[in-house]
Amino acid sequence: MNKIKYSLAFSVALAALLAVGGCGDRPVATPAEEPAPAAGPAPVTAEALQEDPGSWPRYGRTWREDHFSPLAQITADNIDRLGLVWSFDLPTISTSSGVSAPVAVDGVLYFAVGHSHIHALDAKTGKLLWQYDPKVYDVAGREMRAGWGIRGIVHDDGRIFAGTLDGRLIALDATSGDLLWSVRTTELGDGRYITGMPYVMNGKVLIGHGGADFSPVRGYVTAYDAATGEQAWRFYTVPGNPADGFENDAMAMAAKTWSGEWWKLGGGGTVWHAMAYDPEFNRVYLGVGNGSPWNQKILSPGGGDTLFLASIVALDADTGEYAWHYQTNPGDTWDFTATMDIQLADLEIDGELRKVLMQAPKNGFFYVIDRETGKLISAEKFAKVTWAERIDLETGRPVEVPGARYPDGTAVLTFPAVWGAHGVEAMSYNPITGLVYLPARDRGMVYNDAPNLDQWRHNDNMFIDNGVGPRPDDIEVPPGKGWLSAWDPAAQREVWRVEQDNTHNGGTLTTAGNLVVQGQATGELSVYRADTGDKIWAFDAQNGIQGQPISYEVDGVQYLSLLVGWRGANHEPGAAGPWHYRHQKRRVLTFALDGQAQLPPMEQVELRPIDVSDFVVDDAKAAAGKALYNITCLICHGGGLRAGGAAPDLRMSGIPTSLDALAQVLIDGSLKSRGMPQYEELTMEQVENLQHYIRKTAREHIAAGE
C-alpha cells in the first residue's frame, strides 16, 4: 500500500509561517492526535512560505489551488464558540446563484454574483464599499441563454479580474472599483460565454470560456498582460480546419486523432472552469471540456481519441507552448469533462517524493499525475462507475466495459451521469492530514443516440441538443445519493465518509485547525473534524449552499465567509428545498469566534400553482409548447415546470396568464436586465403554445396536490 508519512519539517515550517505573518497569538497548527491512516503532509516549498496566510486572493487561495487555509485560530477544540458576525443580503436582481467563490485581501471581501456583478465589502463589518455592474444584459444577446452565474474572481497586485457572460475580461481597481481595462476575449454572437474564474501568473491573466453545450464553438484559452489587457498568447484546445493549416505542432498532432469534418461542428473542448498555474515548472494546466456535440458518432464518426477533449493540458506559462497532456476519456462521448478543480501537491508515494497534480473529474476516477512529465501515477474509482472497469496504469487509458458507448442506438444506463461523480463544487486538500475532501455523488443517466443522428446539426439559437436521445420509458434510473468523502490520494482509498441526503452539495474548505467546512443543499453549513469526519458544528443558513467557504484574517481575527444561494434547475420530490427563485434569502455570511449576530426568522411563504379557471387548454398547442419548452426553458425553469431556484417557477407566475405579457418577456426582452434572455426569433404562435403548456401543466399539478 502506498503510504504518506507525517514530516516534522511541515510543523516547523508552518510555525515559522504563522510567526512571521503578523498573526498575534494564534495557535500554531499541530498534527491531529490520532491522524487518519496513511495520512501526512506534503513538504512546503520556500515559495509557498511566502504566501500570506491571512489572505485568500484566488479561487483555491494559493497557486496550489488546494482550498486550504493555514490559519488555526478556529479549531476543532473551540468550534463551539464559532458564531455569525455579520450577513449581507443580496437582491434577486443581482444574482441567480450563490455558486461564486469570494476572495479576501487586506480586510476587504470581494465577490461576484449573477452576471458578473462585483461587490467589495468591509470584511470585519459587512459594510458595502463599492459595487460594479458590467451590464452584461445590454451586451450579451443570445449568450444570456447559457443562464449560469459567475463562479469566481481573482485579486492580484491591487486589481480584481473577472470574466463576463458576454465574453469580456475586465480589470477593476480593488480600492475604488473603477474599471481599469476591458478586453473582448470572444466575438459577440459566436456562442462563447464566460462563467469561470481567471487565473493569474507572471504578470499575466488567463481566461477560458464555455459554449460547447450550445453552439458550434472551438475551445481556446487566452493570456493577457495583467497591467494593460494586451493579448500575450492564445492556445486552441482542439484542431480547426486542416485546409487552413494548424497553429502549432500540437494541433497537427491532435488532428490525427479526429475523423470526419469535425471543424464544421466546432469541436468543443472549452476550458470553462478549472486551471492551475505551477511556478515550479512555469506551466499552466488546463482542464478541457466536452466535444461539441457530445456524441462521438456525430463529432468524430470514425472514432479516435479526439484530442484534447476531456484532457489536462500543460502549457508553458510565458509562451503558451504545449508541454504535455493526459486524457482522462479518449474519444469522450458522455460529457465526461476534465474541467473539475486541479490541485497541486508534493506527495510521498512508495518512498519517493513526487510533484503531482490531482483531479477528480466527472468520470468517477481520482487521478494522481506526475506534473513534471504528465505520466499517470495512479487512478481509482471514488464513486459508482459502470462505463469502465479500471484505468490501465501502463497505458494510462481506461478499460471500457462492452457497450459503454451505447452502440447501434442501444440505450445504456450509465454511472456517473453528465453531472459527474464530482462537479464544479470544489474539493480541498489538507497537507496536515494528507487527505482530499471531495463532494461526491452517485447519479445515473440513460445514454442513447438522438433519433435524428443521421441529419443532426447544431441549431442556431443556443438550444441544448448534443446528439443524445431521450430516456426510454422502460428504463428506470435509481435515485441518486451524495456524500462527503475524505480521500487519501497517496494510498488511493477512502478514509472516511459522511452520507448526505442530496446529490448536489457545496464545495469544501479545509484548515490547519483540523476542520472541513461544507455547505449542503439542505441549507446547513457543517463543520467536520478533518481527521475523523465527526460533525462538530452546524448552522442553519436558511438557503441551499453551492459555493465553497473561504477563511482569512483581519487584525488578528480568523473569519469564515461564504455565499448562500441556490441555483437548481429542477426541483425533484424528496430533494432539498424547494428554494424558490423569488423567495430565497441570498446572502453573504461571515463567522468568527464569539460571533453573536443572528439571521432574522425565515419568512413563511405559501406557494401554489396558479389556475386560470376560464382558460381553455388546447392539447395540440400544449404538446407543441412542451417540445419547445424542453429545448428553450427547461435548463433554468426546470423539467416539467418544477423549478429548482435558478429561475421563477412558471406554474406560480402571473406572467404566463397573459399572452401579451408572456410575449413581451420572450420576444421583446422586457426582463433582460433581470437575467431573463430574449427569444426574438419566436413567433406569437410559439408563445401561445408555451402558454397552453404552462396552463395545462399547472392545472395537472394542482389536481395532483402539488
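The values are calculated or read from the model by the stated rules, or taken from the named source; none is laboratory data. Predicted model only: the values in this text are computed from it and were never measured. Ideal geometry is used to build each Cβ from the backbone, glycine not excepted, and the neighbour counts take in all protein chains shown.
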message = Condition (residue is of a type outside the set (Ser, Thr, Tyr), at pLDDT 95 or above, part of a strand (DSSP E or B) and buried (at least 22 other Cβ atoms within 10 Å of the Cβ)) applied to segment 171-189: is it met by at least one residue?
response = yes
message = I'm trying to understand the selection: among the residues of segment 73-103, which are surrounded by 24 or more Cβ atoms within 10 Å (Cβ to Cβ), hydrophobic (A, V, I, L, M, F, W, C), part of a loop (DSSP other than H, G, I, E, B) and at pLDDT 95 or above?
response = ILE74
query = Among the residues of segment 128-143, is any in contact (Cβ under 8 Å) with a residue 40 or more places away in the chain, over 30 Å from LEU634 (Cβ atoms), surrounded by fewer than 22 Cβ atoms within 10 Å (Cβ to Cβ) and of a type in the set (Phe, Trp, Tyr)?
reply = yes
request  = For segment 112-133, indicate whether the set of residues that are β-branched (Val, Ile, Thr), in contact with a helix residue (DSSP H, G or I) (Cβ under 9 Å, 6 or more places away or on another chain) and part of a strand (DSSP E or B) is non-empty.
outcome  = yes
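A quick yes/no check of all residues on (1) in contact with a His (Cβ under 9 Å, 6 or more places away or on another chain); (2) modelled with pLDDT of 85 or more; (3) more than 20 Å from LEU682 (Cβ to Cβ); (4) not hydroxyl-bearing (Ser, Thr, Tyr):
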position: ARG587; (1), (2), (3), (4): no, yes, yes, yes
position: PRO601; (1), (2), (3), (4): no, yes, yes, yes
position: LEU607; (1), (2), (3), (4): yes, no, yes, yes
position: HIS637; (1), (2), (3), (4): no, yes, no, yes
position: LEU641; (1), (2), (3), (4): yes, yes, no, yes
position: ASP660; (1), (2), (3), (4): no, yes, no, yes
request  = Return the total of residues in segment 380-398 being polar (S, T, N, Q) and either touching a helix residue (DSSP H, G or I) at 6+ places or on another chain (Cβ under 9 Å) or under 16 Å from GLY331 (Cα atoms) (or both).
outcome  = 1
request  = Could you check ILE475 against (1) buried (at least 20 other Cβ atoms within 10 Å of the Cβ); (2) among the β-branched types (Val, Ile, Thr); (3) in a loop (DSSP other than H, G, I, E, B) and say which number it fails?
outcome  = (1)
query = GLN327: modelled with pLDDT of 95 or more, in contact with an Asp or Glu (Cβ under 8 Å, 6 or more places away or on another chain) and more than 30 Å from GLY203 (Cβ to Cβ), yes or no?
reply = yes
query = Within segment 347-362, which residues are assigned to a strand (DSSP E or B) and hydrophobic (A, V, I, L, M, F, W, C)?
reply = LEU347, ILE349, LEU353, VAL356, LEU357, MET358
remark   = By residue number, the members of segment 432-464 that are farther than 23 Å from GLU681 by Cα and acidic (Asp, Glu) are ASP442, ASP449, ASP454
task = Could you check how many residues of segment 678-695 are more than 17 Å from LEU650 (Cβ to Cβ), modelled with pLDDT of 95 or more and either part of a loop (DSSP other than H, G, I, E, B) or touching a Pro at 6+ places or on another chain (Cβ under 8 Å) (or both)?
result = 1
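Residues checked against (1) among the β-branched types (Val, Ile, Thr); (2) under 24 Å from the mean Cα position of the chain (by Cα):
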| site | (1), (2) |
| --- | --- |
| PRO216 | no, yes |
| VAL221 | yes, yes |
| ALA232 | no, no |
| LYS256 | no, no |
message = Please determine whether any residue of segment 166-179 is out of contact with any strand residue (DSSP E or B) (no Cβ under 8 Å at 6 or more places or on another chain) and more than 30 Å from LEU84 (Cα to Cα).
response = no
query = Within segment 635-670, how many residues are of a type in the set (Lys, Arg) and either surrounded by fewer than 22 Cβ atoms within 10 Å (Cβ to Cβ) or at positive phi (or both)?
reply = 1
query = How about segment 386-412: which of its residues are surrounded by 16 or more Cβ atoms within 10 Å (Cβ to Cβ), within 22 Å of ARG441 (Cβ to Cβ), out of contact with any Pro (no Cβ under 7 Å at 6 or more places or on another chain) and not aromatic (Phe, Trp, Tyr)?
reply = PRO398, ALA404, VAL412
ask   = Is it the case that some residue within segment 547-568 is without any contact (Cβ under 8 Å) to a residue 40 or more places away in the chain and in contact with a Ser or Thr (Cβ under 9 Å, 6 or more places away or on another chain)?
value = no
note = Residue set GLY374, GLY444; condition in contact with a Pro (Cβ under 9 Å, 6 or more places away or on another chain) and modelled with pLDDT of 95 or more; output residue GLY444
